[in-house]
1. Among the residues of segment 132-182, how many are among the acidic types (Asp, Glu) and over 21 Å from Phe16 (Cα atoms)?
2. Having 3 or more residues that are closer than 27 Å to Gln72 by Cβ and not assigned by TED's automatic domain parsing to the domain that holds Arg88 is the bar; report the helices (runs of 4 or more DSSP H) wholly within segment 7-54 that clear it.
3. Quick one: how many residues across segment 74-93 are surrounded by 11 or more Cβ atoms within 10 Å (Cβ to Cβ) and either in contact with a helix residue (DSSP H, G or I) (Cβ under 8 Å, 6 or more places away or on another chain) or not in a strand (DSSP E or B) (or both)?
Amino acid sequence: MGGAETGLEGLLSFVFPRSANAMVLADEERRFVDANDAALRLLGRERSELIGMPVVDTIRPSERERSDREWQAFMRSGEHTGTRNVVRADGTEVRIEVAARVLQIGGRRLAVSVTLAMSALEAPPSPVTARRGTLTNREREVVTWIALGHDTSHIADGLLVSPETVRTHVRNAMSKLGARTRAQLVAIALSTGEAALLASSAPAGELAGGWPTSTT
């Protein structure tokens, strides 16, 4: 993913390679089209090996029939959240929480799938009343940092606010976008463009506020 894309494609091109969250793109035939470094580490595979591979090959055999049904429903509805056991290249398994959305990129209908980095996982926020609406600029900022794999404390430090303020922004963003988990929040934000492309005015190798592109 590269080039001079703008809007949704530009946002995805910015977040996808930089994120500590595992992200993959799959086509309508359910084959891997792209994967970021975090996804390659999660799956224990090289990019050249993964691209073009059927997604089902990375799913526990006993879960494949259910996974096929979920995929068909996903392609009709355009969104999916759930858990699954992923089979790594060495045969070991890891259970993940995944959120996916269907989007149009370069004239193709693709699925973007997000699994949050462990550092970004938190207990579900307190339930809030759904109130669909446009995110504020600060909410977009917070969602973008989550998409990049930052946890609450890091976001709070970078924005010079309290962790509870960050959690409030997350709850508000989840309510507005109808997300039940942070992974789903990221998937929705990437598929709709409801996140801030903060690198546009930042120096090379930095993000707004002087944050490094790496979470380490």
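The values are calculated or read from the model by the stated rules, or taken from the named source; none is laboratory data. Computed from a predicted structure; not experimentally measured. We place every Cβ from the backbone using ideal geometry, glycine too, and count neighbours over all the protein chains shown.
1. Total satisfying the criteria: 2.
2. On the way: elements: 7-18, 37-43, 47-50.
Correct list: 7-18.
3. Summing the residues that are surrounded by 11 or more Cβ atoms within 10 Å (Cβ to Cβ) and either in contact with a helix residue (DSSP H, G or I) (Cβ under 8 Å, 6 or more places away or on another chain) or not in a strand (DSSP E or B) (or both) in segment 74-93 gives 13.
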